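The values are calculated or read from the model by the stated rules, or taken from the named source; none is laboratory data. If you're wondering where the values come from, they're calculated on a predicted model, not measured in any experiment. Note: ideal-geometry Cβ built from the backbone for every residue, glycine included; neighbour counts use all protein chains shown.
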Amino acid sequence: MREYYITKNDSGQRLNKFLEKAVPLLSGGMMHKYLRLKRIKVNGKRTEAAYRLCEGDAVQLYLNDEYFDAPREEEAFRRITRPQVSIVYEDENILLADKAPGMVVHADEHGDQNTLIAHIQAYLFQSGAWNPEDAASFAPALCNRIDRNTGGIVICAKTAEALRILNDRIKDRELEKRYLCVVHGKPQPPAGLIENFLRRDEKRKQVTLHKTRVPGAKTAKTRYRTLATHGKLSLVECELLTGRTHQIRAHMASIGCPLLGDGKYGTNERNRPYGETGQLLYAYSLTFRFAEDAGALSYLNGRTFRVGRIPFVEKYFPDFVIS
């Protein structure tokens, strides 16, 4: 018999959802069978799959060991002895990390385990801020993601409550995200709004833009302004009004100013003289703009966080100061 004591991070969810995470090898059919047979109990009593767990509840599982043999997904963090996490901000609920270009946020199709979330979990575990044994169904999780070659701020929720709140607020577009990028040429006009429809091609791992809605396309809006120009390059700030795949890269290319280093939406011919092989794009600023009370995270409303330095800005626009 195994017993789990429900902590704050595990509370508030249905029993079946808790079991999906705590015992991933237990199928839904077997779970309902064992509930009927009283081999799954809460506080020593028979219960239903829809029961909402409360802090302090005890979940007893009279199951064979084979259901617990699968390694938990977050175990990748245990292999990291020296976490590499550049912290922009941290408190008891969230951590804002400055992801370096070249690092993936989650394991990708190539099986790369050297991920941002693994490093963050290793850091939180080693610092004593998180212990996986304290919450059977929760592990610190990322609320947003950015491409491998894009750098910048990624949000990690340290509690289940923070994760629920941030996922809802991101869905409602209550976080203002701004990016800096270096583009070829001079955007005309120097500032403006790019709005059209974006469709993702899963096979080509690329997106296409359309003036009118086509099947599978979603609205895409980017506000931009030129901050500096030097020679054949410009430094541009982009604000995402929607969060589509490759949105900034495709939008800037659509006005004749592809990102420096972007071989997918630009051309290697234009990138080659600069020796850049990845798009120069950085999620440098994040502002929380909650439309209503955000519960445990209300104290973040109106606050802006920015990265301290961006190597490619210092390289191509050394006189520009991030403020």
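The table below gives the values:
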{"quantity": "Members of the stretch 221-264 found to be assigned to a loop (DSSP other than H, G, I, E, B) and in contact with a Leu (Cβ under 7 Å, 6 or more places away or on another chain), listed by number", "calculated": "244, 260, 261"}
{"quantity": "Residues within the stretch 166-200 that are assigned to a loop (DSSP other than H, G, I, E, B), among the acidic types (Asp, Glu) and at pLDDT below 95, tallied", "calculated": "1"}
{"quantity": "Output for the stretch 297-323, where each listed residue is touching a Ser or Thr at 6+ places or on another chain (Cβ under 8 Å) and farther than 19 Å from residue 99 by Cβ", "calculated": "302, 303"}
{"quantity": "Condition broken by residue 139, with the remaining ones in (1) in contact with a strand residue (DSSP E or B) (Cβ under 7 Å, 6 or more places away or on another chain); (2) touching a residue at least 40 places away in the same chain (Cβ under 8 Å); (3) crowded, with 16+ Cβ neighbours inside 10 Å satisfied", "calculated": "(1)"}
{"quantity": "Check on residue 240, over 26 Å from residue 144 (Cα atoms), surrounded by 15 or more Cβ atoms within 10 Å (Cβ to Cβ) and touching a residue at least 60 places away in the same chain (Cβ under 8 Å)", "calculated": "no"}
{"quantity": "Residues within the stretch 131-144 that are outside any strand (DSSP E or B) and either in the same structural domain as residue 11 (by TED's automatic domain parsing) or at pLDDT 90 or above (or both), tallied", "calculated": "3"}
{"quantity": "Candidate set from the stretch 145-165 (those that are basic (Lys, Arg) and part of a loop (DSSP other than H, G, I, E, B)); member that is nearest to residue 83 (Cα to Cα)", "calculated": "158"}
{"quantity": "The stretch 265-303, residues that are among the β-branched types (Val, Ile, Thr) and part of a helix (DSSP H, G or I)", "calculated": "none"}
{"quantity": "Pairs, first in contact (Cβ under 8 Å) with a residue 24 or more places away in the chain in the stretch 304-323, second among the charged types (D, E, K, R) and assigned to a helix (DSSP H, G or I), C-beta under 9 Å, six or more apart", "calculated": "320/314"}
{"quantity": "Checklist (1) touching a strand residue (DSSP E or B) at 6+ places or on another chain (Cβ under 9 Å); (2) under 24 Å from residue 160 (Cα atoms); (3) modelled with pLDDT of 90 or more applied to residue 91, failing item", "calculated": "(1)"}
{"quantity": "Residue in the stretch 176-186 that is of a type in the set (Ser, Thr, Tyr), over 26 Å from residue 3 (Cα atoms) and not assigned by TED's automatic domain parsing to the domain that holds residue 100 present", "calculated": "yes"}
{"quantity": "Matching option when the condition is of a type in the set (Lys, Arg), under 22 Å from residue 189 (Cβ atoms), surrounded by 13 or more Cβ atoms within 10 Å (Cβ to Cβ) and in contact with a Cys (Cβ under 8 Å, 6 or more places away or on another chain), among 223, 270, 249", "calculated": "223"}
{"quantity": "Hits in the stretch 273-289 (condition: without any contact (Cβ under 8 Å) to a residue 60 or more places away in the chain and within 12 Å of residue 146 (Cα to Cα))", "calculated": "none"}
